[in-house]
Each structure stands twice: as structure tokens, then as C-alpha cells.
2 protein chains.
Amino acid sequence: MKDVIIVGAGLAGLNAAHRLKKAGLSVMVIEARDRVGGRNFAHHLADGNILEMGGQWIGPTQTRMYELCEELGLETFPTYNEGKVLVYNDGKKSLMGSDKDALPKLNVFALLSLGRAMKKVEQLQEGLDLEKPWNHPNAEYLDGESLESWVRKHVRFKAAKDYFRLVSEAVFSTEAKDMSMLHFLFYLKSGGGIESLLNTDEGAQEDRIKGGTQQISIKLAERLGKDVVLNCPVHRIEQSENSIKIYSGIQVWEGKKGIVALPPTLAGRISYNPPLPGVRDQLTQRIPAGSVIKIQVVYESPFWRKLDLNGQVASFTGPVKVVLDNSLHNDSRGVLVMFMEANKGRQASEWTAKEREAKTIDSLVNFFGEEAKGYVEYIEKDWMNEEFTRGCYGGHFTPGVWTAFGKHLRKPIDHIHWAGSETSSVWNGYMEGAVRSGERAADEIIRLLKELI
Amino acid sequence: MKDVIIVGAGLAGLNAAHRLKKAGLSVMVIEARDRVGGRNFAHHLADGNILEMGGQWIGPTQTRMYELCEELGLETFPTYNEGKVLVYNDGKKSLMGSDKDALPKLNVFALLSLGRAMKKVEQLQEGLDLEKPWNHPNAEYLDGESLESWVRKHVRFKAAKDYFRLVSEAVFSTEAKDMSMLHFLFYLKSGGGIESLLNTDEGAQEDRIKGGTQQISIKLAERLGKDVVLNCPVHRIEQSENSIKIYSGIQVWEGKKGIVALPPTLAGRISYNPPLPGVRDQLTQRIPAGSVIKIQVVYESPFWRKLDLNGQVASFTGPVKVVLDNSLHNDSRGVLVMFMEANKGRQASEWTAKEREAKTIDSLVNFFGEEAKGYVEYIEKDWMNEEFTRGCYGGHFTPGVWTAFGKHLRKPIDHIHWAGSETSSVWNGYMEGAVRSGERAADEIIRLLKELI
């Protein structure tokens, strides 16, 4: 019998455990995989270096992540960002001076149209309470529109419309069709605005962690020692008046309280007894995960840097639409990281690995020229196929869901509390949101258990 | 070892079993509940009569359902439909002569606006292939709009817009915000058009089955005898090269092939080994079930009939918006059946049973006058709370899903075939669709197993 049993040893679950232990409570963290870290995962190269195949960047205002790194003795380094961003559109290339200039090259009318739409998007965020997006003065209107249908109405030029579609793919790994406009606004505001989400300098991609982000989870798990168990997919949670039992196969753990630190779509797959209220269950039916395959291509040197390119690509043509320089710290090799996202990712998920590799290199040749053919390693991770994630980067709210079900997102059900980045009001969907969600769920329980004493 | 193991003893699963047995194959049907019938369920009154708390109506073109009734010796009788339909809008009542006149009373401009929109909706259905809705010439456009966002653009008057919203609630038990416009068109065409779906005479509510629809499943299960097992929620399916194993707790059944005859949101909760392809899993994250509480109120007599009312109400004011006369066959009592749907259903799901009862009677008094207070019995069923359904009437495709994931809906994964009304191209979401889906899945397997011989 522990004070708190936690399902999921990702950043949310481990950080909750860490905080509960600091408060003097006993914990047990149950993880389905044979590793900790959830959506943070390091691929080990032959020489011991790692490539990050999951969430990897942190940036300004992600205070918990920087604090955690400091606490755990992890160092950060800036994402490479010298040179120009390449914009690729139907075979045409153009260069942007800096990624602060987040707008792609557009003709003047498209640019004006986009400028107006961006301003409107900013204004709409003003009325949004991150804790209660459903209280937005136009919540009913905005939640009835998909991002796509809103853009069709409010953005005039195709190139400007395509910009929002590319943002949807790059930031949410889903199509603009799939997501509520209210969710789009919530998410932008949650991460400090569209530029904060898209930028490298002064944005969410500013810094990387030496040795990779999975180390945070590994180090937290080391501190927890035997209180983390691996290889135990939880399939059932039973609650009684004073305790909770968590089952994986024939193993069972009992606690006073529980935290389910999983994406909503996975939390909904556990069998609960008593069964969860209908509205809670229906919430988890309505926050699907994004669709992304993360790919890294290793070269002997970062040849693009010689061309005064920073390795970043924003392409309106797929299957690869977003590329960044992901070269290792203090290493002479060059690494490009890229994503096949949304419908392109879904299609690519059905190709063979060989096909994906060939099409990836084709895209890189389009962007960077023939030199891109001389790669030494190709590594990919399809997060849709991961049984214990089922999609990245995170879950998105489909139209109608925030207004109808939003208030159930964090509401505990008897002894069960909910964590995971999708439950965070700040930096929702990011590692920072995961950490904060674990903190919030832990604090809910600390308050309740202290009251009992 | 059986030829085919079937998960789910609803109409789809049982009908598949029935058909497979007729073809000489051995089957086993595994059911989570302590009863068969799935979304068909009879509540037994003290005197032995039953009230149907699940799907209950059948109508023209639902040929499989009429054939099944005949085969099983079940008789149908017409839904009571003499007198006028009551339309209730913000305290104002009006009467319609017949439900064939499906349009509510509107001012002339609203009526024109609605007429134009209805015509447009009909025209849009023309280009839709029920087997492949994603091939619609405007699929990308239509799938990017919610029904709500489409109506905002294409319907001018509020009363006419509200008509579509009421259709969404009444037919899909979800808000117009929640569903893709392409799905709305698919579903309408699948059931023969909007009038076919809404009407009693010559529509989907034309007939009832003496003794209730659950009897179909009960009689099919009787024929299957020991080949149906109850109280076994399936939590895991394992596939090997030549067989499939289906687990419920420590029990396991092995077959050459399997049929999962569950709503998509439940099919996605089973743990599969090998894990399902990412795109299949993500499909099941994106077809949430509707939200409905079905309520029946019993009176000593059908007093509304004296007022020349047929008991049908279309109300623009909730929580009860749709009412029908559901009196028993050859019985002097009067029964009204009604639904709390979509957001009203979600809200009501959090009320106490007492509150729901009081608000239901308030609604009935608004519609039918003080006499509605003198009821003798109130019975309700919240399908969101049902652990082994998790929402009715059926699942709806959220925006973007048909175009991105539609082709995975019925695609077998190795030995697993998919049934359930949500997989049917004809009468999707209805009992007829369930029966047809079972037939289709059975035929897929019969073809494959005959090839092997």
C-alpha cells in the first residue's frame, strides 16, 4: 500500500512522483514500456551518441524544464540557427533572413491578407482564459469551426491560407480540418503565441539538452529507484471508498490515490471499476493524437552551413515539410531532423521503410541539392505505430469538444487524478506542459492527503 | 479451435455468426455483458410488458431487418402516427398536419432559406459514393467543414439554421459542431435521405417490433446455443500466422479468423498483438459515439391522442427536444418516448436521476399541458454511462476523418475483420446497418476460408 500509484513514467508521471516524494508521500510508478520517458526517446548511435526521436526542444518561459535540467545536472545548448531559412513551394526556393521573420515569402496581397488574419488570431486569443477556454466570449462560434473552415472564411489568399495549414501540420501534426478553431487559439496562447511556438531564437525550439531529453526521465527514475516498475501495461483500475487498485496482468498495486499520466486517448482504454462517468469517457473519445513520423538523416558534415543555410526548411510540398539542423553537440557530423506530419505522415505510415527513406532523400535533394544524397545514416520513428503512445506530438480537441467536455479534462474521478501534457493549461502539448501537469496533479493529492491527517 | 471467433453479441456479431454457421463454419461469439443485443435493450415492466430502451424502429428499405423478423417469427406493427406533430419553440407551439411535412413552421424567408439549403444538401449527396465518400468531388472542402460551419455559411435565417442543428441532435445525438459535413451527407444518403431518416410514415420510424428489437438478438443467440458466451469482456487479441486468439481475463478462444463487431471507439480499446497499424488505431480515436439518454414516461392512457396529437414533438428548447408516442401494442396505457441528446444529454448526464425526471416532466407539461404531470412510471437509460457501449445512437466522423482515414474503416488487419453499424455503407448507424455489416464481414471470411479449401 502506497500513498499514490502513478500510471505512466513519462515526464508528467515521473515529475508527479518526484514532487509527491518531496512532500513525504510514498509512490509507485507503473510503466507499460521497457523504458521511461514516454514521448522522449533517445536512439543510440554505434559510437554512443544519441539522436532524439521524440520531443527535444525547450525555449523561453518553459521555466519548469530549465529548473528540472538544473536540478538534475543537465546542460542545454542552443539549437543551430546561423544562416538563412529555406522556403520551398512547388519547386520554387526562397530564403528568409532569420526565423524571427516567421512569415514565408508571399506576394504583397497574400502578405496583407495573412497579416490581417494573424492580427485577428492574436485578438481572439485575448479573450481566452487558458483555464477555461469555453468561457471565451465567442467560444460557441469558434468551437463550431475547424481551423480550416475558419481560415477559408477569414483569410483571402491561397498562399496565406496555406501558411495556416502548414502551421497546423508543423505544430499539431494534424490537418487544419481536424481541429477546433477554439483549440488552435487555446494552444497558441498556451505556448505564448504563434511566434513563440514557431521560432528557434526566442521560441520553443531555442535550446536542446546535452545527452537528450530522455535523460530527465531516466534521472528522475533513478532517484525513484524501486518505486518505478517497467513492462507493466495497466489495463484496469478499481476504486473503493478509501483506496485504488491498479492492475497489470496479474500484478496489482494499491494506493490511497492514483494519477493517470497518459494521453487522453490511452487513458480512455483502461477499464475502470466503477466505470467512469459517461461524460469523462466521451471526452477521451474526442482528443485524438496527432500523426507524425520523425526522421533524422546523418551526414559526414553539415554541408548546408557552407551555403549560409541554417538547415531549416518550411516546405509547402511534402512529404517532408519541416526540417531543422539537429547536429550533435561538439561533433563534426551534420544531422538534419524532419517530420512527415498529418495526412503526409498518415500516408507515409503505410509505405515501406525503404520508400520513406527514398522519398525523404528526394525531399532533401530538392531543398539542399545533390549533396543531400551522400548521407551515412537514416533513422525514423513512427509515433502512430507506438502501442503506448499512438500518435504525437499530442492530442488535439476536435470541433465542439472544448465547449461540451472541456470542464472534465482535469476533474478528478474519486481517487483518480489526471496528468499528461494534454491536461496542461500552460505549454499544452509540450514537455513543459507535461511537467506542469504532473506538478498540478501531485499538488491536488498533497492537499487532499494533508487534509486527511 | 473454431473457424471464426466474434467479439460482440449485438446485431452485427450475431448476424455474422448466423451467416457463417449457415455457410458451414463453426463460430464462437464472445459478449462482455450478461445479455445479448448491444444497443437493443428491453426494460421489463412489472406486468411482463417491455419498454425499448435502445434502438427500436425500422422502416422502408431496411430489407434485412424485415427479412430477419420474418425468419425469426417476429411481427411488426406501425408506429402510432394519427394526429398532428407539435413544434415547440421558445414557449410557442404550432401544429403540423403530418410528419411528411418535415419542415417546422418558419416564416417565409426562413422557409425559403431552408428550402435552398435542403436542395443544396440533396445535390451534394448526388456525387457521393457510399463505399468511398472520400472520392466526392468536393470531399476536401466538405470534410474540412463541420455541419455547423457549413450551415453558418450556406443557410441564412436563424430558424433554418436551427433546423439543421435539431436534425444533428435528433439523428446523430451530437451537436452540429462535432461532425464533418461530409459525414452528414454520407449518413443522410446512407439512410435514403433526410426525409427517410426523419419520417415515421415511409421513414426510419415507420414500424416497431412486437416484443421489442432485442428479441432478434435473443432468438439468434438461442439458435447459436453454446456458441455464445456472456460476461466475457475481451481485452486482448493475439494473431499468429494461421490463427487468432481472443482473451477475456484468463479465458481464451482460438479461431482461424476473427470479427470485431464493436463500435470503433470500443474496438480501439482492445490490446492487439501484434499492435494494429498506426493508421487503423488513429481511425478509432476519431469516431466518437453520440450522447443520448433515452427516457420513457408511462401514462394510464395516451391522453394526447384526444387532443388530435400523434405524440410527436420537435422542440427547439431542451432538455427534451424529440418525443414520440411509444405506447405498447394492444395496451390501454400511453407511453411517450423522448431523448436528451448532444449537449443537453451531456449536461443531463451529470444531473441526479430525480432532476432528470423533474425536468422531463416539465418539458412534457410544456408540450402537452398539465395532464402530463399524471404519469405512472419514468424509465431512463443513459447510454454514455454504459461501459460496453459508451454512447448512442452511433459514432460520427469528426472533420477530416473520412478523407484521411476512411479507407481503413473496413480493411481487415490480417485475420481480423471489422463489423458494427458504423462500418456499414447502407443505413450506417441503424440496426439495418449493423445486420448488413455482419453479413459483409461474414462474407469476407467465407470467401477467404473457401479459398483455403
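Within the protein assembly as shown, the proportion of C-alpha pairs whose separation exceeds 38 Å stands at 45%.
Return the ratio Rg/(2.2 N^0.38 Å) for region B:350-422, where Rg is computed over Cα atoms only. Computed over Cα atoms of region B:350-422, the ratio equals 1.78.
Mean projected area of the Cα convex hull of region B:98-228, taken over all directions, amounts to 10.4 nm².
Helical runs assigned H by DSSP (4 residues or longer) give chain A a calculated mean residue ellipticity at 222 nm of -9500 deg cm²/dmol, each run adding -39500 (n - 2.57) before division by the residue total. The modelled label-to-label distance between residue A:376 and residue A:443, using points 7 Å beyond Cα along the C-beta direction, is 4.7 nm.
Which part of region B:238-257 falls in the paramagnetic zone of residue A:245, meaning amide N under 18 Å from the point 7 Å along Cα-to-beta-carbon? Answer for region B:238-257: B:249-251. Comment: the Cα-to-Cβ extended label point of residue B:374, at 7 Å, lies 9.6 nm from its counterparts in the other copies, nearest first.
Taking R0 as 41 Å, what FRET efficiency do you get between residue A:112 and residue B:130 from their Cβ-Cβ distance, rounded to the nearest 0.05? Here the calculated transfer efficiency is 0.40.
Label points for residue A:226 are taken 7 Å from Cα along Cα→Cβ. From this copy to the others they lie 4.9 nm apart, shortest first.
With the convex hull of the Cα atoms taken as the outline of chain A, the averaged projected area works out to 20.9 nm².
How large is log10 I(q)/I(0) at q = 0.10, 0.15, 0.17 Å⁻¹ when the Debye formula is applied to the Cα atoms of region A:1-146, each weighted equally and without solvent? For region A:1-146, the Cα-only Debye profile gives -0.69, -1.16, -1.19. Per-atom-type breakdown for region B:28-69 gives carbon and sulfur 57% of the accessible area (1.4 Å probe, protein chains only). Whole-percent P(r), region B:372-411, all Cα pairs, 10 Å bins from 0: 21, 27, 29, 12, 11, 1. Here the Kirkwood formula, the inverse mean of 1/r across different C-alpha pairs, assigns region A:6-90 a hydrodynamic radius of 15.8 Å. For region A:213-256, the Kirkwood estimate of hydrodynamic radius, built from reciprocal distances between every pair of different alpha carbons, is 12.1 Å. For region A:61-155, the alpha carbon convex hull comes to 167 Å³ per residue, rounded to a whole number. Counting only DSSP beta bridges with both residues in the protein assembly as shown, the antiparallel share comes to about 65 percent.
Projected label points at residue A:140 and residue B:450, each 7 Å from Cα along the beta carbon direction, are separated by 5.6 nanometres. For residue A:251, the label point sits 7 Å beyond Cα toward Cβ; its separations from the matching points on the remaining copies run 2.7 nm, from shortest to longest. Model label sites at residue A:358 and residue B:358, defined 7 Å from Cα along the beta-carbon direction, differ in position by 7.0 nm. Among all stretches of chain B without exposed GluC sites (Glu not before Pro) (DSSP loop, at most 13 other Cβ atoms within 10 Å), which one is longest? Result, exposed sites excluded: B:132-240.
Membrane-span-like helices in chain A (whole DSSP H runs, Cα extent of at least 24 Å along the helix axis, mean Kyte-Doolittle hydropathy of at least -1.0): A:108-126, A:431-452. Legend: mean number of C-beta atoms from other chains within 10 angstrom of residue C-beta atoms, peptide A:283-293, equals 5. Over region B:187-287, all Cα pairs binned in 10 Å intervals from 0 give whole-percent P(r) values of 12, 28, 29, 24, 8, 0, listed from short to long.
Between region A:310-369 and region B:110-154, the alpha-carbon centres lie 37 Å apart. Taken residue by residue and averaged, Cβ atoms of other chains lying within 10 Å of the Cβ of A:398-407 number 6.
Derived scalar couplings between HN and Hα for region A:25-31 equal 9, 8, 9, 9, 10, 10, 10 Hz in order, rounded to whole Hz, by the Karplus curve 6.51 cos²θ - 1.76 cosθ + 1.60 (θ = phi - 60°), x for Gly and Pro.
The values are calculated or read from the model by the stated rules, or taken from the named source; none is laboratory data. Note that the structure is predicted; figures quoted are calculated from it, not measured. FYI the Cβ positions are ideal-geometry reconstructions off the backbone, even for glycines, and counts take in every protein chain you see. Ligands, DNA and RNA are stripped out before the accessible areas are found, and what is left, the full protein with its side chains, is counted by its heavy atoms. Shrake-Rupley method; radii C 1.70, N 1.55, O 1.52, S 1.80 Å.
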